[in-house]
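Beneath this line is the structure, given in structure tokens, with notes to follow.
The values are calculated or read from the model by the stated rules, or taken from the named source; none is laboratory data. Computed from a predicted model, the values in this text were never measured in an experiment. Here the Cβ positions follow ideal geometry from the backbone for every residue, glycine too, while neighbour counts run over all protein chains shown. Note: accessible area is taken over every heavy atom of the protein model, side chains too, but ligands, DNA and RNA are not part of it. Shrake-Rupley method; radii C 1.70, N 1.55, O 1.52, S 1.80 Å.
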Amino acid sequence: MSLLGWPLLVLSILLALAAPVGCVLLWGRARGTTVLPIRAALILVCQVTAVLLAGVGLNDHFQFFASWNDLLGQNGADAPIQQQNGGSQPLARGLSKRLRNDFRPDRSDQALSADLVGAKSGIRSKIWVWLPPQYHRHPQQRFPVVELFPGFPGTPITWFHTMQGPKKLQEAMKQGAAQPYILVAPTITVVPGHDTECTDVPGGPKVATWLTDDVRRIVTENFRALPGRDAWGTMGYSTGGYCAAKLATEHSHLFRAGVSLSGYFAAYSPALARLPGADLPALLRTRRPAVDLLLTASKQDPGTTTAVNSMVQAARAPSIVYTYVVPRGGHNTGVWTAMLPKCFQWLTTKLTHAA
């Protein structure tokens, strides 16, 4: 029986209804020393079936897990990265600025963090930074940067825990497939509970400005980060995937490449959807920015494949779209974590190397 679809959902509904009925019928039949264990078991069955129904219903709606293998973490990342249009763009190198010391160790996650104010946006929020081992071994080198965005609702620190961003990057580096990056995870939900979709909201927070100009200035002032656009890339999952593609496309003077992990490409909010640049396929067709995009999807997460196809059809040189579509897996961190080694490898072919 499939993890998605009406058969499992109907079965879960029937079990959730049958459990309390059975509990009522059997409650009074328990006798003697077994009465408490039996009644406790009946209550437990009712609770389990209710939770099962809630889980199945939510998964059927949001498609977090597309199959039983996906639920068990056997989703894999066995698919090639394919260029869909155009040619390649040249790499360039940049210089760094003076350094400050605003960042401090953040608990035990091997990341540094600081709560800072963006000079252009006026937003005060938190930024997490992870430094590769090479950063400390080679104190004269400057490093490229990958800016990481979570989904909504979500927190940037997920990139350093559940998503295993540093671990997957180091695995790829040990295999010689990826170069070292400074990983930067800024807060994208600057107003709790309010999804701005990484946009400068009219009359509201200038989130795009915070994530582009402000984060870049903060990082280059505090770390040996290469400041040029050819040394900066974006990567995000779900809503963060939209942010990664949107910021790289709309601000191609600041970013060389972007990776969208199962993202969408048009703003969900009706108010934001009316703003220029909210529809990324339209932006690719009309502006044609000089940026490379890697768009990932899963065939068992059909909304993502449809979204990727819309971008492929819209891309025109010098914009170049690459696709990475895996055969199985739902809309969850297990799928995206498995994709990370190839994504870091792809970024290594696009961004300036440490200098």
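A compact table of results
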quantity: Residue in segment 170-179 that is crowded, with 20+ Cβ neighbours inside 10 Å and assigned to a loop (DSSP other than H, G, I, E, B) present; calculated: yes
quantity: Scope segment 287-309; condition open to solvent by less than 40 Å² (accessible area, probe 1.4 Å) and over 18 Å from the mean Cα position of the chain (by Cα); matching residues; calculated: Pro289, Ala290, Val291
quantity: Selection within segment 202-212 - at pLDDT 95 or above and either more than 25 Å from Ala119 (Cα to Cα) or open to solvent by less than 50 Å² (accessible area, probe 1.4 Å) (or both); calculated: Pro205, Val207, Ala208, Thr209, Trp210, Leu211, Thr212
quantity: Failed item, numbered, when Tyr324 is tested on (1) at pLDDT 95 or above; (2) in contact with a Pro (Cβ under 8 Å, 6 or more places away or on another chain); (3) more than 26 Å from Pro180 (Cβ to Cβ); calculated: (3)
quantity: Test result for Arg216, open to solvent by 10 Å² or more (accessible area, probe 1.4 Å), over 20 Å from the mean Cα position of the chain (by Cα) and not hydrophobic (A, V, I, L, M, F, W, C); calculated: no
quantity: Strands (runs of 3 or more DSSP E) completely within segment 223-342 that count 1 or more residues being charged (D, E, K, R) and out of contact with any His (no Cβ under 8 Å at 6 or more places or on another chain); calculated: 292-298
quantity: Residue within segment 339-354 that is of a type outside the set (Val, Ile, Thr), open to solvent by 30 Å² or more (accessible area, probe 1.4 Å) and over 18 Å from the mean Cα position of the chain (by Cα) present; calculated: yes
quantity: Members of segment 103-118 found to be in contact (Cβ under 8 Å) with a residue 40 or more places away in the chain and open to solvent by 80 Å² or more (accessible area, probe 1.4 Å), listed by number; calculated: Gln110
quantity: Subset of segment 244-286 (residues that are in contact with a Ser or Thr (Cβ under 9 Å, 6 or more places away or on another chain), open to solvent by 10 Å² or more (accessible area, probe 1.4 Å), of a type in the set (A, V, I, L, M) and over 16 Å from Thr212 (Cβ atoms)); calculated: Ala266, Ala267, Leu272
quantity: Positions within segment 129-169 being over 17 Å from Ala244 (Cβ atoms), in a loop (DSSP other than H, G, I, E, B) and open to solvent by less than 10 Å² (accessible area, probe 1.4 Å), in sequence order; calculated: Pro132
quantity: Pairs with Cβ under 7 Å, 6+ apart, first in segment 246-265 and under 16 Å from Ser298 (Cβ atoms), second part of a loop (DSSP other than H, G, I, E, B) and not small (Gly, Ala, Ser); calculated: Ser262/Asp301; Ser262/His331
